[in-house]
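Chemist: Structure below; questions to follow.
The values are calculated or read from the model by the stated rules, or taken from the named source; none is laboratory data. Computed from a prediction, not measured in an experiment: that's the story for all the values here. Cβ placement follows ideal geometry from the backbone for every residue including glycine, while neighbour counts extend to all protein chains displayed.
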Amino acid sequence: MTTKTEPELAVTACPDCGHRIALKGRAELGRRLTCLHCGAELKVTGTEPLKVARAFSQ
């Protein structure tokens, strides 16, 4: 019998709006993403635990 494993989720909060951000699989430093709640452009700055920061300063 084979079991299907779910991909791991790394979870953090958007630094702008506080909305929950979850990444499937392995988080890589420098990976860019967008907060689906407020549209902030972010980049991964830490992997364990997951940390994100603004990709561009204003």
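Chemist: Within region 30-58, which residues are among the hydrophobic types (A, V, I, L, M, F, W, C) and under 10 Å from the mean Cα position of the chain (by Cα)?
Modeler: Matches in region 30-58: Leu33, Cys35, Leu42, Val44, Leu50, Val52, Ala53.
Chemist: Could you tell me whether Leu50 is surrounded by 13 or more Cβ atoms within 10 Å (Cβ to Cβ) and either modelled with pLDDT under 95 or at positive phi (or both)?
Modeler: Yes, satisfied.
Chemist: Which members of region 1-45 meet the condition of being surrounded by fewer than 15 Cβ atoms within 10 Å (Cβ to Cβ) and at pLDDT below 90?
Modeler: Met1, Thr2, Thr3, Lys4, Thr5, Glu6, Pro7, Glu8, Leu9, Lys24, Gly25, Arg26
Chemist: Residues that are in contact (Cβ under 8 Å) with a residue 40 or more places away in the chain: which strands (runs of 3 or more DSSP E) entirely in region 15-58 hold 2 or more of them?
Modeler: Here the list reads 50-54.
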